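Everything below concerns the one structure shown next.
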């Protein structure tokens, strides 16, 4: 393979609190080991720190980011010091890549610097290590099979950037849709109003899985999932967890000292996750959750843009309406169920337009908010007053929920200490690179 030297001057930056110099990549050089076919890419960073990512073109045409998913060194992470840096790319990860780059003499690597205040669309945290946070230009660049591989559902926590900042969003039922008559929810609980969210945020592509929970909180929080079939459990959502388990306690009791907006208790799941990663993980607010689940669509549409209906929601997640004919009503009676009963392995259904999976069904997901019937006066802010209503909002429905109640507008609530086989969580993170 005959690589050509690439000199890249693409700049990404964001001015927030006044002007500052955006990071710049220059002097990109590539050499290849003829024996191993490993490619060493050298570059110079100016204006750091910066998140550095890479892509591949052939004859000037970008190719799938999967071609550069196997890299080592100063790439897909925050590079702090200005000056020369390098990473190694192994393009012969599989037969397809090996063949493609053996015959193509016009291949080149492009290197991009992103401001740490405006990082790339995809964030991934290795839960088997401490403070190992990576960033990618797309989910295609994720390692070991990407979102379809087991690693992104077990030891790697993947989040996508949600473009919420400054966008107005019509929450609740703002259209008269006949499908809503199939729902158990009162229209008074879904009053239409327009809100705006102040900033973008990262949100988990999947619900927290059983393996991810074990890596973070195993042996610290004494809780066991309901669906524990050994062949499938690791990639299934973690359920049977309470709001207290997530934020305030490791013994399922309330502790006002650690109630949001205060930082979580150090031995709660979020506290442990923060300590492991260095990232200020949190639960999404109710409005953040709804915006992400709907992908900004109006209430007459599902998160994939299709008109809301049973069929549309069946495509997006596991609900009580798309179990097989051998459906068993009680979750506790099917603890050893395979993936065709009970919860599904995360990512088994179609993603929404933001690339998030299982926002419809599988498990109800805890949010930050204490429940209020009428959210309008909050103007999109988090409901913090637990004296008005003593339960916390959950969203999304579950594998045992009527399909119409798995809509992205459906609001539900339960006791913060409740541990149910149909309730789990996904996490968010701020859009600041670590």
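Here is a check on your reading of the model: is residue 330 under 21 Å from residue 161 (Cα atoms), modelled with pLDDT under 95, in the same structural domain as residue 397 (by TED's automatic domain parsing) and surrounded by fewer than 18 Cβ atoms within 10 Å (Cβ to Cβ)? Explain how you work it out, then say what you get.
Working: under 21 Å from residue 161 (Cα atoms): no; modelled with pLDDT under 95: yes; in the same structural domain as residue 397 (by TED's automatic domain parsing): yes; surrounded by fewer than 18 Cβ atoms within 10 Å (Cβ to Cβ): yes.
No: the conditions fail for residue 330.
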State yes or no: is residue 44 at pLDDT 50 or above, in a strand (DSSP E or B), more than 31 Å from the chain's Cα centre (by Cα) and on the phi < 0 side of the Ramachandran plot?
yes
Restricted to the range 176-207, and to residues that are under 13 Å from residue 308 (Cβ atoms) and surrounded by fewer than 13 Cβ atoms within 10 Å (Cβ to Cβ), which residue is modelled with the lowest pLDDT?
176
Residues of the range 244-264 satisfying the condition of being touching a helix residue (DSSP H, G or I) at 6+ places or on another chain (Cβ under 6 Å), outside any helix (DSSP H, G or I) and crowded, with 19+ Cβ neighbours inside 10 Å
248, 264
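Kindly evaluate residue 374 against the criterion of being in contact with a strand residue (DSSP E or B) (Cβ under 8 Å, 6 or more places away or on another chain) and within 22 Å of residue 282 (Cβ to Cβ). Give the derivation first.
Numbers: in contact with a strand residue (DSSP E or B) (Cβ under 8 Å, 6 or more places away or on another chain): yes; within 22 Å of residue 282 (Cβ to Cβ): no.
Answer is no for this residue.
The values are calculated or read from the model by the stated rules, or taken from the named source; none is laboratory data. What you see is a predicted model, and the numbers here were worked out from it, not measured in a lab. Cβ coordinates were reconstructed from backbone atoms using ideal geometry, including for glycine residues, and neighbour counts include every protein chain displayed.
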